[in-house]
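Here is the structure we will look at.
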Amino acid sequence: MTISSQLSSEKNLEVIEFERLKGLSDNSAVETLVKEPGVVYVTAITRDGCSGCMEQKPLFRELAQKMNSDLGGKVHFANVHVRYAEDDREESWDSKRVFRHAAYPTYLVHVRSKNGVLEVYRAIYPNMNELEKQARESLDLAKFYKDAA
């Protein structure tokens with residue numbers, strides 16, 4: 001399945017509507033996001049009406065711009081956005097089932113190995129300095145798995 005995504009005007013952050021992933025199994029959704037070895041994938045899972053998501057959105061975009069400027073194609077940033085309304089919470093529950101997260105915003109860091117996708121870090125509402133640290137520390141792992149493939 002091909003995911004149609006919308007790139008932000010900065011081209012540093014891929015925006016994916018969860019609706020395009022919700023028919024996939026747990027593993028397939030993550031496999032779809034984490035495409036190639038040698039790259040660190042940093043993903044934010046956000047939803048409508050989430051005050052923490054709105055607060056962190058510009059910080060995450062700034063981090064994506066900074067790291068893409070520093071590291072080129074070695075880090076990929078994506079935002080999986082979940083639609084939500086008080087009278088329609090189904091997509092939010094589907095997201096929690098697929099990504100196994102408890103709250104919004106949740107941030108994930110993945111790398112790909114020859115055996116599939118590996119999760120390196122997961123946090124709810126982290127400080128962006130911590131997220132950057134985790135992404136940078138994952139660069140060596142991504143290189144290792146690319147070389148081993």
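The values are calculated or read from the model by the stated rules, or taken from the named source; none is laboratory data. Since this is a predicted model, take the numbers as computed values, not measurements. Because the Cβ atoms are built from the backbone with ideal geometry, glycine has one as well, and the counts that use them run over all protein chains shown. Ligands, DNA and RNA are excluded from the accessible area calculation, which covers all protein heavy atoms including side chains. Shrake-Rupley method; radii C 1.70, N 1.55, O 1.52, S 1.80 Å.
Side notes on the structure shown:
- Subset of segment 92-131 (residues that are more than 13 Å from Val39 (Cα to Cα) and in contact with a Leu (Cβ under 6 Å, 6 or more places away or on another chain)): Tyr107, Arg122, Met128
- For segment 95-124, a residue qualifies if it is within 21 Å of Arg61 (Cβ to Cβ), open to solvent by 40 Å² or more (accessible area, probe 1.4 Å) and either over 13 Å from the mean Cα position of the chain (by Cα) or of a type in the set (D, E, K, R) (or both), and exactly one does: Arg122.
- Taken residue by residue, segment 39-47 has at least one member that is within 22 Å of Glu17 (Cβ to Cβ), free of Cβ contacts under 8 Å to residues at least 60 places away in the same chain and surrounded by 20 or more Cβ atoms within 10 Å (Cβ to Cβ).
- Put simply, of Gly116, Gly72 the only residue that is of a type outside the set (S, T, N, Q) and in contact (Cβ under 8 Å) with a residue 24 or more places away in the chain is Gly116.
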